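Remarks on the structure that follows.
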Amino acid sequence: KRMFGGRSIWAITPEERDKHDQKFDTLSPAQGFLTSFVCLFLRNLADMDKDGKLKAEEFILAMHLVDIAKQGQPLPITLPVDLVPPSLRLPVHPSMQDWLKSLLRLITFEDKFKRNLELGNAELEKRRQALLEQQWREEERRAQKVREEQEKREREARELELRRKREEEQRLERQKELERQREEERLRDLERKEAAKKELERQRQLEWERRKKQELQSQKSQEQEDIILLNAKKRNLEIELEAGNKHKQISDKLRDAQFKRKVQKNELESMNQKRESRIIEMNSLQQQERQARLQAAKDKAEKESRAREEERRLREEEERKRKEEEECKLREEEERREQERRRIEEEDRKKQEEERRKIEEERRQLEEERRKLVEERRRQEEERREEERRRQENEQRRVEELKREEDRKREKEEEERRRHRAQEAAIRDAEERKRKEEEKRKKEEEDRKRREEEKKKQEEERRRKQQDEELAAAARLKEEQQNKLSNSKSDIVAVVGKLLVQALCSWTAKTDSHLNFSKNDVITVLEQQENWWLGELNGMQGWFPKTYVTVLNSSDVSNLSEGQPSLQQTINQACMAEWPGEKYVALYTYESPEPGDLTFREGDTILVTQREGDWWRGSIGDCCGLFPSNYVKPKETDTSSLKPDLPGKKPEVAQVTTAYTASGTEQLNLSPGQLILILSKNPSGWWLGELQARGKKRQKGWFPSSHIKQLGSNSGKSTPAAMPVCQVIAMYDYASAKEDELSFSKSQLINVLDKNDPDWWKGEVNGVTGLFPTNYVKMTTSDSDPSQQWCADLTSLDSMSPQEKKRQGYIHELIETEERYMEDLQLVLEVFHKPMSESGRLTEAEMNMIFVNWKELIMCNTKLVKALRVRKKTGGEKMPVQMVGDILAAELSHMQAYIRFCSCQLNAAALLQQKTDQEPDFKDFLKKIATDYRCKGMPLSSFLLKPMQRITRYPLHIKNILESTPDSHVDHSQLREALEKAEELCSQVNEGVREKENSDRLEWIQNHVQCEGITESLVFNSLTNCLGPRKLLHSGKLFKTKSNKELYAFLFTDFLLFTQAVKQFTSSGADKLFSPKSSTQYRIYKSPVFLNEVLVKMPSDPSSDEPVFHISHIDRVYTLKTENINERTAWVQKIKAASEEFIETEKKKREKAYQARSMKASGIGRLLVTIQEATELKSSKPSGKSNPYCEVTMGAQCYTSRTLNDTVNPKWNFQCQFHIKDLYQDVLCITVYEREQFAPDDFLGRTEVPVATIKKELENKGPATRRLLLHEVPTGEVWVRLDLQLFDGKAHK
């Protein structure tokens, strides 16, 4: 560059100067921006005046040098002249320019040397600059690496925060989805209830109309009959009235004729009197002329007399004719009235017949209409069911497709999540795994050898202990038998021989004295008392209910294991060695449902080991028990010694069939089922016998033989008696007409020996055998033909198909068992409930806990029994029943009372057992009232099990009937519906039992776990945040792998809780968990682990025998150990299943909200909502703070804000956009909640704004901010910014 007249051209272009000048203006004078060595060199080079500060031109020069360095050009050691700013150059006079030019031409050797020296220095400086630049680039690379690592850490932190926020949002979405599902389910329930209510109302209306129509029809018929009767009565009265009037007229005429006749007679008499007086006067006056005129006077008198006679005769003849005419008229009138009456009756009869024909025609029409209506309703019902079935199938297919799609998505997401978590865990565990890997390889071989040696030692120890236990059991058995013999206990306890029983199902101890066992465990029974037995399992002794086990015979025991028969054999040998006993022979077959009794057949040999009173103890092979002494005889003696009065015969034993009340002290009171030893027989029908009653003093007395049936034969023949086919009872008296016939009395029991002939059967009564007619008897026992138990007409029975016979047998079996079940329910009230309530031994609360809602059960089954009885009577007694499905389907829907009873049954049994254990008086009281003959020796606890047993029998009964019912039968669809309702009722009962047990366990945890260190209040027996009611899935003891610390874990549906025992158990912890008597307290070891944030992993070495597993929770890994491999498998499976269900629930909720928002935009506009903040929210925490979040909805569209912690004035600044479909129907809803972890989110307020109101307020005003008050809460308001835009060209912005 050159300088001309004080003006110079600067090597820095104006564009660069302007750029650097603008940058200089943005910096403060004291602000530093050069830190490296190169930048410091450039700063010193550009600082012309050396004042330590860069002015504008100096800054431009420095930036120019920086640009040269960035381009890779060498930097000058000294600043060239053309780079010196013009303002800092020395001024040059024009006259000096020529001198300078001439001076430049005078270059000497020294100048060249200096120049070469400068060039060498410049090359050195260039190389030094290159080294500096290389050093600078290395520093820059290191700084860049540091910045990248810092950015990576910040990015990971941001990603972690974003992931946490996304998970929080997912949890919120899952919660909203759950709430929406609950709301939809509630609405569906309401719709179903409403539909059911409408259908019921419609059916009621139809039924009312039908009844009303029938009532009107019957009323019409009754009125018509009344009208006919009144018309007939009216006609009769009219006829009688008319006949009475005519009779009165005739009587009047007769009275007039008689009066006239009397008058004439009186006149004639008066005339006669006058004539006689005249004659006397004439005689007196003409006495002198009497002789002369005597003949003439006589003639004249005769003539007059004849004339009077003729006149009288004429009058009588006239009177007779007149009477005849009147009588003829009366007869004609009577005949006319009779004809008129007949004509009227004929007309009435014709009218009645016509009315009857009309009524019959109307009835036929009504019947036809009703039949058509029923057919139409049935057709509509079938169409509806078919449509419902098709819809359900389509819905099921669609749900299955969606489920498969969701499963595929879930698997992909789960795989991605697992891969991501595995990578994180791998990064965290890499260094530790590398450090331990070498040690593990070294110890692996040693551990394997050590485990093999330990296994061998354990196997030898186990065999040795098993042998010791068998010998010890035999020794204990001998010792117990000796002690029990010396003490002579009178209690009925099975102390002779230890029974082996097998568990039918698992049972958990309710008290400290109970025994825990699992399904198929073999238990040694040490003692038997009523329905509770004392047993031993794995060295532990305790009581358990006998209904949970079954007694094993020798074959079952031999099939269990190789070591078990030796134990049983040792026990039996010990029993036999200690009690050689005496041998007896069974006279009769004895069967008893009571546990502890010995059953045998006639002729069996029994080894009697103990004889106490009327009930002895003996054994047959491996079976031991009690039996009545009069059923056996000594083997070495003859039977004749038992009955001196009947040599060669066995003592006769009879069973009471009907009750009899004694009328004197020498007679016996009989109850059905009792046994009587017959001592003597009287031809009059009264027998002498001894009443056999277990536990009571035997009574002797007389009784009528018609009230019993004999159990044994009277004959002393050596050949066995023929076995009866069945038993019948006589309906009438029958006297034999031939020698081979059998005579019997009414109500007498007959043993049927042969019934090949349908009309004459062969039977036996009191040892007498013969033929008898079948129409004189009826079936009476369950041993007879099942078909003939219900069918009285054998002809109609033969005409039925085998399938229909089987169906009717099942139907009548259902009816009969239901009637017996109702009798048992009533029996409990009469025999147990009433005496227990009146005795005052139990409080009202304890009575309610034992019997629960027993009366409600009676009400439920009473309706069912009555309906079945009416249906049975409708078809005729002992006749086929066509339909029962409709009754079962209707009544099973109203048996919800069983859910409550079965749920409380375990608590009732535990209370009853506790009372009997702690109070001997109460136990004796229960035994006393259970001696009622109707109880058949069963205690109260057995009756309390009957409702559960009965409710589980309904599906079996209905299934049997349904299998024997053709598909075309009218009852088939009703039975299928009844079966579905019965199975649903059983599932509801089971679910109720599980819920009750779960609730009791949650309450136990609430009382025994100290919830300290948790910010929120934790109520275990409550609703979860998004999974419905909380359930306890699993619990037990765990150990930390490193420290071997003992933990007690409780797995719930939403989280996993680790606790530590404050006070250690005195025995095994598993037996004490959930025990009502447990006083152990637990404290929380770590904060609850939510299952949507965990990953369960098995150990890396699958061949390891240690029961170890890992639980990864966000940034922490729990390595835990269980007591055995099975327990580890259970923990891993249950945690995985609960975690997947939790994640799936949240995913469904999130996907539903996303689908609602991602639907294709369609509508008339959009609404942009910005939730800015909320103020003065209600706080439910003691600290006065809250964790609020906001939910904004419009129809199905829903958005949720983030959660802000510990504030009542949150500032969200949350934006969301809604598509408007209807301007006057859409409503913007804003709801504020408080985020909860262990319970549903708390409600903090809600407000709504119709879109029409927003449009009206924003008309021509643009976006606006509104303050909305929250409703349903005392305080709180939300600030919202609204922006409405309609798609018709009118916008509000």
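The values are calculated or read from the model by the stated rules, or taken from the named source; none is laboratory data. Nothing here was measured: the structure is a model prediction, and the numbers come from that model. Note that each Cβ is placed from the backbone with ideal geometry, even for glycine, and that neighbours are counted across all protein chains shown. We work out accessible area using only protein heavy atoms, side chains counted, and drop any ligands, DNA or RNA first. Shrake-Rupley method; radii C 1.70, N 1.55, O 1.52, S 1.80 Å.
Find the residue count for the stretch 834-855, including only residues that are assigned to a helix (DSSP H, G or I), touching a residue at least 24 places away in the same chain (Cβ under 8 Å) and open to solvent by 20 Å² or more (accessible area, probe 1.4 Å). Give the derivation first.
If we filter the stretch 834-855 for residues that are assigned to a helix (DSSP H, G or I), which is where we start, we get 834-839, 844-851, 854-855.
From what's left, touching a residue at least 24 places away in the same chain (Cβ under 8 Å): 835-836, 839, 846, 849-851, 854-855.
Checking which are open to solvent by 20 Å² or more (accessible area, probe 1.4 Å) leaves us with 835, 839, 846, 849, 855.
Summing the residues that are assigned to a helix (DSSP H, G or I), touching a residue at least 24 places away in the same chain (Cβ under 8 Å) and open to solvent by 20 Å² or more (accessible area, probe 1.4 Å) in the stretch 834-855 gives 5.
Which residue pairs have Cβ atoms closer than 9 Å, lie 6 or more positions apart in sequence or on different chains, and pair a first residue in the stretch 177-197 that is open to solvent by 60 Å² or more (accessible area, probe 1.4 Å) with a second residue that is small (Gly, Ala, Ser) and in a helix (DSSP H, G or I)?
180/1153
Is there a residue in the stretch 1061-1069 that is modelled with pLDDT of 80 or more, over 29 Å from residue 1143 (Cβ atoms), part of a loop (DSSP other than H, G, I, E, B) and open to solvent by less than 30 Å² (accessible area, probe 1.4 Å)?
First, pick out the residues of the stretch 1061-1069 that are modelled with pLDDT of 80 or more: 1061-1062.
Those left that are additionally over 29 Å from residue 1143 (Cβ atoms): 1061-1062.
After this cut, where a residue has to be part of a loop (DSSP other than H, G, I, E, B) as well, the list is 1062.
The next check asks that each one be open to solvent by less than 30 Å² (accessible area, probe 1.4 Å); those that pass are none.
Checked the stretch 1061-1069: no residue is modelled with pLDDT of 80 or more, over 29 Å from residue 1143 (Cβ atoms), part of a loop (DSSP other than H, G, I, E, B) and open to solvent by less than 30 Å² (accessible area, probe 1.4 Å).
Being under 17 Å from residue 1075 (Cβ atoms) and charged (D, E, K, R) is true for just one of 997, 984. Which residue is that? Working first, answer last.
Values: 984 fails: under 17 Å from residue 1075 (Cβ atoms).
Within the list 997, 984, the selection yields 997.
Any residue that is closer than 22 Å to residue 230 by Cα, assigned to a helix (DSSP H, G or I) and touching a residue at least 12 places away in the same chain (Cβ under 8 Å) - is there at least one of those in the stretch 388-409? Before the answer, list the steps.
We begin by selecting, within the stretch 388-409, every residue closer than 22 Å to residue 230 by Cα; these are none.
No: zero hits.
Can you tell me which residue in the stretch 1019-1031 is farthest from the chain's Cα centre (by Cα), limited to those that are crowded, with 20+ Cβ neighbours inside 10 Å and not β-branched (Val, Ile, Thr)?
Filtering the stretch 1019-1031 down to residues crowded, with 20+ Cβ neighbours inside 10 Å leaves 1020, 1024-1027, 1030.
Applying the additional criterion that residues be not β-branched (Val, Ile, Thr) yields 1020, 1025-1027, 1030.
Numbers: 1020: 22, 1025: 23, 1026: 22, 1027: 19, 1030: 17 Å.
Applying the filter and picking the extreme gives 1025.
Against the conditions (1) of a type in the set (A, V, I, L, M, F, W, C); (2) under 25 Å from residue 172 (Cβ atoms); (3) open to solvent by 20 Å² or more (accessible area, probe 1.4 Å), where does residue 1094 fall short? Just the number, please.
Answer for residue 1094: the failing condition is (3).
Restricting to the stretch 1098-1126, what's the tally of residues that are part of a strand (DSSP E or B) and open to solvent by less than 70 Å² (accessible area, probe 1.4 Å)? Walk me through it before giving the result.
We begin by selecting, within the stretch 1098-1126, every residue part of a strand (DSSP E or B); these are 1108-1113, 1116-1121.
Retained after the next criterion (residues that are open to solvent by less than 70 Å² (accessible area, probe 1.4 Å)): 1108-1113, 1117-1121.
So the answer is 11.
Are there any pairs with C-beta distances below 6 angstrom linking a residue in the stretch 996-1012 that is aromatic (Phe, Trp, Tyr) to a residue that is open to solvent by less than 30 Å² (accessible area, probe 1.4 Å), with the two at least 6 apart or on different chains, and if so which?
none
For residue 1275, indicate whether it is of a type in the set (Ser, Thr, Tyr), in contact with a Leu (Cβ under 8 Å, 6 or more places away or on another chain), surrounded by 14 or more Cβ atoms within 10 Å (Cβ to Cβ) and touching a residue at least 40 places away in the same chain (Cβ under 8 Å). Walk me through it before giving the result.
On the way: of a type in the set (Ser, Thr, Tyr): yes; in contact with a Leu (Cβ under 8 Å, 6 or more places away or on another chain): yes; surrounded by 14 or more Cβ atoms within 10 Å (Cβ to Cβ): yes; touching a residue at least 40 places away in the same chain (Cβ under 8 Å): yes.
So residue 1275 passes the test.
Which ones in the stretch 1241-1267 are within 29 Å of residue 1026 (Cα to Cα) and either surrounded by 18 or more Cβ atoms within 10 Å (Cβ to Cβ) or at pLDDT 90 or above (or both)?
Within the stretch 1241-1267, the subset within 29 Å of residue 1026 (Cα to Cα) is 1241-1249.
Listed by number, the residues that qualify are 1241, 1244, 1245, 1246, 1247, 1248, 1249.
Restricting to the stretch 900-941, name every residue that is of a type in the set (Ser, Thr, Tyr) and more than 17 Å from residue 836 (Cβ to Cβ). Let's see the steps before the verdict.
If we filter the stretch 900-941 for residues that are of a type in the set (Ser, Thr, Tyr), which is where we start, we get 903, 916, 931, 933, 941.
Selection gives 903, 933.
Considering only residues that are open to solvent by 50 Å² or more (accessible area, probe 1.4 Å) and assigned to a loop (DSSP other than H, G, I, E, B), look in the stretch 35-71 and name the one that is nearest to residue 20 (Cα to Cα). So that I can check it myself, show each step before the final result.
The first filter runs over the stretch 35-71 and keeps only residues open to solvent by 50 Å² or more (accessible area, probe 1.4 Å), leaving 35, 37, 40, 43-44, 48-51, 53, 55, 57, 70-71.
Subset that is assigned to a loop (DSSP other than H, G, I, E, B): 35, 48-51, 53, 55, 71.
Working: 35: 19, 48: 17, 49: 19, 50: 20, 51: 20, 53: 16, 55: 12, 71: 17 Å.
Step by step, filter the stretch 35-71, then rank; the result is 55.
Do the conditions hold for residue 867, that is, is it among the hydrophobic types (A, V, I, L, M, F, W, C), touching a residue at least 12 places away in the same chain (Cβ under 8 Å), closer than 23 Å to residue 827 by Cβ and open to solvent by 20 Å² or more (accessible area, probe 1.4 Å)?
So residue 867 passes the test.
Before we move on, is residue 946 touching a Leu at 6+ places or on another chain (Cβ under 8 Å), open to solvent by 20 Å² or more (accessible area, probe 1.4 Å) and either modelled with pLDDT of 85 or more or of a type in the set (Ser, Thr, Tyr) (or both)?
Working: touching a Leu at 6+ places or on another chain (Cβ under 8 Å): yes; open to solvent by 20 Å² or more (accessible area, probe 1.4 Å): yes; either modelled with pLDDT of 85 or more or of a type in the set (Ser, Thr, Tyr) (or both): yes.
Taking the combined requirement at face value, the residue satisfies it.
Within the stretch 983-1010, how many residues turn out to be surrounded by fewer than 18 Cβ atoms within 10 Å (Cβ to Cβ), within 30 Å of residue 1205 (Cα to Cα) and in contact with a Ser or Thr (Cβ under 9 Å, 6 or more places away or on another chain)?
So the count comes out to 1.
Where the second residue is open to solvent by less than 20 Å² (accessible area, probe 1.4 Å) and of a type in the set (A, V, I, L, M) and the first is under 18 Å from residue 941 (Cβ atoms) and free of Cβ contacts under 8 Å to residues at least 60 places away in the same chain and lies in the stretch 891-909, which pairs have Cβ atoms under 8 Å and are six or more apart or on separate chains?
901/857; 908/850; 908/944
What are the residues in the stretch 151-176 that are touching a helix residue (DSSP H, G or I) at 6+ places or on another chain (Cβ under 6 Å) and either farther than 19 Å from residue 1214 by Cα or open to solvent by 50 Å² or more (accessible area, probe 1.4 Å) (or both), if any?
Across the stretch 151-176, the qualifying residues are 170, 174.
List every residue pair whose Cβ atoms sit under 8 Å apart, with the two residues 6 or more apart in sequence or on different chains, where the first one lies in the stretch 754-775 and is free of Cβ contacts under 8 Å to residues at least 24 places away in the same chain and the second, anywhere, is small (Gly, Ala, Ser) and assigned to a strand (DSSP E or B).
Listed pairs, sorted by first residue: 762/770.
Read through the list (1) modelled with pLDDT under 75; (2) open to solvent by 70 Å² or more (accessible area, probe 1.4 Å); (3) of a type outside the set (Gly, Ala, Ser), then give the number of the only condition that residue 583 fails.
Only one criterion in (1) modelled with pLDDT under 75; (2) open to solvent by 70 Å² or more (accessible area, probe 1.4 Å); (3) of a type outside the set (Gly, Ala, Ser) is unmet by residue 583, namely (1).
Kindly provide the set of residues from the stretch 734-761 that are over 19 Å from residue 711 (Cα atoms) and outside any loop (DSSP other than H, G, I, E, B), ordered by number.
Those that are over 19 Å from residue 711 (Cα atoms) and outside any loop (DSSP other than H, G, I, E, B): 734, 741, 760, 761.
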